[in-house]
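The values are calculated or read from the model by the stated rules, or taken from the named source; none is laboratory data. These numbers were taken from a predicted model, which means no experiment stands behind them. Reconstructed Cβ throughout: ideal geometry from the backbone, glycine too, with neighbour counts over all protein chains shown. What goes into the accessible areas is simple: the full protein's heavy atoms, side chains included, and nothing from ligands, DNA or RNA. Shrake-Rupley method; radii C 1.70, N 1.55, O 1.52, S 1.80 Å.
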Amino acid sequence: MAEIQITTTQNVTINFKAAEAGERILAYLIDFAIKMTYLFFISFLFGIFSEPLIDYVDENVNVDPWSVMAIIIIIGAPIFFYTIVSETLLMGQTLGKKVMKIRVVKIDGYRASFLDYFIRWVMRFVDINIFSGVVALIAIGSSKKHQRLGGMASGTAVITLKSKIGINHTILQEVSDDYQPTYFSAIKLSDNDVRIIKENFIRAKRHNDHQTLLILRQKIIGVIGEEPLPDVTTENFISCIIKDYNHFTKNM
């Protein structure tokens, strides 16, 4: 499974797993089934009301081709615009992607915009519709970040939100009942702050990445407004902050 490194606007690098082609195909099929269900429902309603409606129109209305075209457009709009509207409203997910737990994200760390989703949507006609998905599969298979042409053009990728969650992947840090906190201002951090700090702290220690540790240290100081105690190493400071936060929030 390909790994995608995304550097956030706070200069913190987070690793994500790219969604596999199989996951994306299943998401597409789920979305396709939703569209077909809508079309079946509309056809069912039309079948019930078509005869009396046609009789009424024949007797009272002078139908022109433009009116027929307008009705077709109105009925087809939910299917035609389903993907772009869903991804815009659900922050990078359609209902199919939501079921498969995958999401569209910007690879530069910023939040994907409507323009990004629009570019992906337009490129679907080349990636998926015209060549029955062959172009998309070739692009995903040959791209390091598993991107189709729409992803490359918009600077986005599809990541998986599935993971085997253990304590090392959450904000949780085991602390004893008699633990004495050092930095009371650690409570100023949010759960998401601590999650990002812990993930990158573990990764930086594993790879002896002192630069990332220093960046984390400065970001923590910037949020809590408190400097480390004298002679405390950067690694011990970050570790202590994580423990202090868990001490203050474990009963909340």
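Worth a mention:
- When the stretch 196-252 is filtered for residues that are assigned to a helix (DSSP H, G or I) and among the charged types (D, E, K, R), the ones remaining, listed by number, are 198, 199, 203, 205, 206, 217, 219, 235, 243, 244.
This table checks each residue for (1) within 24 Å of residue 95 (Cα to Cα); (2) of a type in the set (S, T, N, Q); (3) part of a loop (DSSP other than H, G, I, E, B); (4) at pLDDT below 70.
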residue: 23; (1), (2), (3), (4): yes, no, no, no
residue: 35; (1), (2), (3), (4): yes, no, no, no
residue: 44; (1), (2), (3), (4): yes, no, no, no
residue: 53; (1), (2), (3), (4): no, no, no, yes
residue: 58; (1), (2), (3), (4): no, no, no, yes
residue: 63; (1), (2), (3), (4): no, no, yes, yes
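- The stretch 138-158: number of residues that are farther than 16 Å from residue 106 by Cα and either open to solvent by 60 Å² or more (accessible area, probe 1.4 Å) or out of contact with any helix residue (DSSP H, G or I) (no Cβ under 8 Å at 6 or more places or on another chain) (or both): 3
- Residues of the stretch 87-114 classified as part of a helix (DSSP H, G or I) and in contact (Cβ under 8 Å) with a residue 24 or more places away in the chain, total: 8
- Those residues of the stretch 124-137 which are open to solvent by 50 Å² or more (accessible area, probe 1.4 Å) and either under 21 Å from the mean Cα position of the chain (by Cα) or not aromatic (Phe, Trp, Tyr) (or both), in sequence order: 126, 129, 130, 132, 134, 137
- Boolean, residue 112 is open to solvent by less than 50 Å² (accessible area, probe 1.4 Å), among the small types (Gly, Ala, Ser), at pLDDT 85 or above and in contact with a Leu (Cβ under 6 Å, 6 or more places away or on another chain): no
- Test: residue in the stretch 83-95 that is open to solvent by 70 Å² or more (accessible area, probe 1.4 Å), of a type in the set (A, V, I, L, M) and within 12 Å of the chain's Cα centre (by Cα): yes
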